[in-house]
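Comments concern the structure below.
Bear in mind that the values in this text are calculations on the coordinates, not laboratory data. Because the structure is a prediction, the values reported are computed rather than measured. Virtual Cβ from ideal backbone geometry, glycine too; neighbours counted across all protein chains shown.
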Amino acid sequence: MAERFLLFLLFLWDLKQVTNKTMRIITLIIIHCSAVYPWQVSGVREIDRWHRERGWKKGCGYHYVVRRDGTVETGRPLEKIGAHCLNHNRHSIGICYEGGLDSKGKPADTRTEAQKQVMRELLEHLHLQFPKAIITGHNTFNPMKACPCFDASSEYSDLQP
Ligand SMILES: [Zn+2]
């Protein structure tokens with residue numbers, strides 16, 4: 001009887017372990033730009049407001065936003081599903097850099113050296129954590145979009161699975 005009770009306790013413990021595994025399976029890391037003019041500010045705070053205005057109650061749909069000065073801001077926690085790429089949110093991480101439009105409003109790779117460096121460091125870190133995840137740009141899934149205005153798949157070819 002006592003043995004049964006112990007088994008039952010172990011069963012509960014296992015159940016707890018299983019439900020504690022909150023991290024999602026990540027197969028994709030999708031790169032975005034915030035599609036703003038060079039003088040526009042778009043950190044997590046602003047993006048959070050824009051996404052709420054779109055009716056997304058959970059706010060900022062990206063997991064990371066990389067500011068022009070290279071500051072990394074965290075949006076949604078990694079274990080939470082983002083809102084950044086139609087049909088590909090469940091198993092992905094969304095990273096957005098601040099920029100993506102030139103002064104005329106045309107899509108352009110406006111990444112600063114600081115952004116390039118920090119994004120690479122962030123991706124190196126994520127690649128260690130999720131070595132099977134493919135790194136690619138938003139435009140891979142939506143060719144109508146210029147986002148992120150550079151060829152992410154080839155730029156990070158050394159960090160692909
Ligand atoms: Zn995008």
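Between GLN129 and SER154, the modelled labels are 2.9 nm apart [label points 7 Å from Cα along Cα→Cβ].
In order along the range 122-138, the phi-based Karplus estimate (6.51 cos²θ - 1.76 cosθ + 1.60, θ = phi - 60°) of 3J(HN,Hα) comes to 4, 5, 4, 5, 5, 5, 5, 6, 10, x, 8, 7, 7, 9, 8, x, 4 Hz; Gly and Pro are listed as x.
Here the range 25-159 carries DSSP beta bridges of which approximately 20% are antiparallel, counting only pairs with both residues inside.
Take the Cα of ASP69, go 7 Å toward its beta carbon, and the backbone nitrogen atoms of the range 94-115 under 18 Å from that spot belong to 97-99, 111-115.
The simple spin-label model puts a point 7 Å past each Cα toward its Cβ; for GLU113 and PHE141 those points are separated by 3.4 nm.
Only lysine pairs 8 or more places apart or on separate chains count here, and in the chain those with Cα atoms under 15 Å apart total 4.
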